[in-house]
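I have placed the structure first, in the form of structure tokens, so that the comments after it can refer back to it.
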Amino acid sequence: MSNTSEAAHGAGADRMTVRDMPFDFLPRTQSWNPDKPEFAHIVNSASLAMPYLEPYLIKSMRKARPLIRDPELQTELDKYIKQEATHYRRHKEFNDTLTSKGYRCVAKIEEKLAKDYAKLESRRSLRFNLAYAEGFESMALAIGEMLIEDREYLFGDSDSAVTSLILWHFVEEIEHKNVAFDVFDHLYGSYFWRIVGLVYATSHIFWRTGQGYRALLKEDGLWQSSSSRWHLVKVLGRVLGNITPKWLRILRPGYHPKQIKDPDWGLAWAKAFEDGLEDMAQLDTRQLNAPLPVGQRLETV
Ligand SMILES: [Fe+2]
Ligand SMILES: [Fe+2]
């Protein structure tokens, strides 16, 4: 157990908000990002994991809760659970649209993910599962920063509904960035196991996401196309090139997610939402790099 946990939480937790998003996130067209179908399928594949991964994180956190001797951390854990529960329900609605569009691989991918997380839950120790949770959350923080920084390139002119689902999710991932770290640190505080969790969670998610987007691209006939393969390599290179330095800093023995500055755009998004500007959550993908005005409504797409 580490002494750092008492001081560690609080930075993002004060503004951790459970939001019931007041609009639907369902795409209106076959591809929600026709300019970047390869990126769309990377996101679709990652989304398929959410209704399995996030309930697994929640179950691990529920097992940890009675062992925690810090009421403030328990309160943060409760908010974390509520945020994750909202995420996976909205992702499930979105994922079902992929099935209804006729993608046959979705059921198979979902079956694999369900088995993976059932095995982890039943066979691994709480220490391992909390290390996985922390590894995933630190990676999600890195991915969230990357998506927000590169939002105009990745999501520009795409379907507002799906862009808004993804960016809302990652604003909240950044808000609860400290919780899994603090729970793991409070109960186990092991650098070795934290890194095991990080490497395992990263490899597992990337492996399953890779299988998923390959299958989705094959069904669209894009996997066989050399120009699509080139677009895939380019977008993967860009995304991984932006994530890698952020991921490497998690390896530092003194790493804590509170050290990572929250992106201004994410803070502005949360402030506008808090001010009751719910419409702004439905982002205008034609001007994603425009500053989010606080105190006035944005036009919706
Ligand atoms: Fe989440
Ligand atoms: Fe999370």
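The values are calculated or read from the model by the stated rules, or taken from the named source; none is laboratory data. Keep in mind that what you see is a predicted model, and the values were worked out from it rather than measured. Cβ: placed from backbone, ideal geometry, glycine included. Neighbour counts: every protein chain shown. Heads up: the accessible areas ignore ligands, DNA and RNA and are worked out on the full protein's heavy atoms, side chains in. Shrake-Rupley method; radii C 1.70, N 1.55, O 1.52, S 1.80 Å.
Here the calculated FRET efficiency for residue 244 and residue 112, from their Cβ-Cβ distance with R0 = 30 Å, stands at 0.70, rounded to the nearest 0.05. Dipole check for the chain: with +1 at the C-beta of Lys and Arg, -1 at the C-beta of Asp and Glu, and the Cα centre as origin, the magnitude is about 1360 Debye. Taking packing as the residue-averaged number of other Cβ atoms within 10 angstrom, the listed peptides 95-101, 81-87 run from highest to lowest as 81-87, 95-101.
Averaging the Cα positions of each part gives two centres, and for the range 221-287 and the range 47-61 these lie 20 Å apart.
Return one quarter of the surface area of the convex hull spanned by the alpha-carbon atoms of the chain, equal to its mean projected area, in nm².
Values: hull surface 58.0 nm².
In nm², the orientation-averaged hull projection of the chain is 14.5.
Leaving ligands, DNA and RNA out of it, report the carbon-plus-sulfur percent of the accessible area of the range 63-198 at a 1.4 Å probe. After summing per-atom areas, the C and S share lands at 54 percent.
On full extension, the segment bounded by residue 224 and residue 74 gains 49.0 nm, given 0.36 nm per residue less the C-alpha separation. Structure note, pairs 59/79; 115/177; 63/119: Cα-Cα distances above 18 angstrom occur for 115/177. Accessible area of residue 152 (1.4 Å probe, protein heavy atoms only, ligands and nucleic acids ignored): about 90 Å².
Relative contact order for the range 30-268: what percent, with Cα pairs under 8 Å and sequence separation of 6 or more? Don't skip to the end; give the middle numbers.
On the way: 232 pairs, mean separation 74.5, N = 239.
Value for the range 30-268: 31 percent.
Note on the chain: helix-only mean residue ellipticity at 222 nm, from DSSP H runs of 4+ residues weighted -39500 (n - 2.57) and normalised by residue number, equals -22500 deg cm²/dmol.
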